[in-house]
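Below is one structure, written out as structure tokens; the observations come after it.
The values are calculated or read from the model by the stated rules, or taken from the named source; none is laboratory data. The structure displayed is predicted, hence computed values, not measured ones. Note that each Cβ is placed from the backbone with ideal geometry, even for glycine, and that neighbours are counted across all protein chains shown. Just the protein is used for accessible areas: all its heavy atoms, side chains included, with ligands, DNA and RNA removed. Shrake-Rupley method; radii C 1.70, N 1.55, O 1.52, S 1.80 Å.
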Amino acid sequence: MTPSASPTTDRLAVLLDWDGSAGIEVDWPALTEAAGHPFPEDYRRFVERFPHGVIGFLEVLHPSAWGVPDFLLYARNWQDVMNEKAECAGGFPYHFGTSPGDLRVWGAVNFDYLLCWHLNDGPPEQWPTVVCDTALIDPPEPYAGTATSLLVEIAELRNPVPVIGYVTEIDGVPFRLVRHE
């Protein structure tokens with residue numbers, strides 16, 4: 001399957017020195033129904049273009065990594081853990097889940113920070129990303145762009161979200177896709 005062309009995913013492919021595709025076909029209607037929410041187009045293009053793997057210290061949750069049921073279970077487990085931590089800490093401004101207003105995990109930075117969509121009533125392409133400290137010490141930081149545009153900015157070493165800026169400052173960390181088998 002050849003994913004739809006996208007300037008952002010094309011740019012990310014250049015930055016990551018990736019010229020292939022994920023080699024999978026995702027049943028997006030079934031995944032959307034099982035997840036309880038749609039997925040942004042840029043994320044869908046990412047999943048179709050790139051295989052499961054890590055980019056430096058970043059990992060994007062990928063349905064091919066575990067299969068649909070376990071992919072959704074993994075995200076729900078993060079949601080449960082973070083909701084429990086937020087309840088204990090008090091004062092956290094978000095709930096993790098699949099309803100408008102909730103945060104939905106789409107990636108992680110070294111398991112120290114979660115990359116989440118802030119679900120709202122608008123189309124998924126307009127959902128901002130919120131970066132959350134898994135220890136709930138740093139306040140959540142919003143990023144107005146899409147998941148893929150965040151990955152592009154990080155790969156270009158632009159430090160778009162200061163709380164995770166350390167990933168662009170570590171010498172010798174290649175921003176290449178390291179495929180998980």
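Set the Förster distance to 30 Å, then compute FRET efficiency between N159 and D19 from the Cβ-Cβ distance, nearest 0.05. Here the calculated transfer efficiency is 0.65.
Accessible surface for F57 stands near 70 Å², nearest 10, in the context of the full protein assembly shown (1.4 Å probe). Measuring nothing but how far apart in sequence close Cα pairs (under 8 Å, 6+ apart) lie, relative to its length, the chain scores a relative contact order of 24 percent.
Provide C88, C132 ordered by accessible surface of protein heavy atoms (probe 1.4 Å), highest first. Numbers along the way, then the final one.
Working: C88 115, C132 0 Å².
The ordering from most to least exposed comes out as C88, C132.
Tell me whether the range 67-125 comes out rounded, prolate or oblate; compute the Cα gyration tensor, take square roots of the eigenvalues as a ≥ b ≥ c, and use a/c under 1.5 as the rounded threshold. Could you put the intermediate results ahead of the total?
Values: a/c = 1.57, a/b = 1.08, b/c = 1.45.
Note, shape of the range 67-125 comes out oblate.
What per residue convex hull volume, in Å³, comes out for the chain when only alpha-carbon positions are used?
Working: hull volume 19.9 nm³, N = 181.
With only Cα atoms used, the chain gives 110 Å³ per residue.
Rolled with a 1.4 Å probe across the full set of protein chains, the surface gives L151 an accessible area near 10 Å².
Relative to the current alpha-carbon distance between E41 and E125, full extension at 0.36 nm per residue lengthens the span by 29.6 nm.
Ellipticity at 222 nm from helices only: DSSP H runs of n ≥ 4 in the chain, each -39500 (n - 2.57), divided by the residue count, give -10500 deg cm²/dmol. For the range 1-92, the equivalent ellipsoid derived from the Cα gyration tensor has semi-axes of 27, 17, 12 Å, listed largest first. Assuming charge only on the beta carbon of Lys and Arg (+1) and of Asp and Glu (-1), the dipole of the range 52-119 about its Cα centre is about 120 debye to the nearest 20.
Between P93, P139, P128, the residue with the greatest mean-square fluctuation in the GNM of the chain (Cα pairs under 10 Å linked by springs) is P93.
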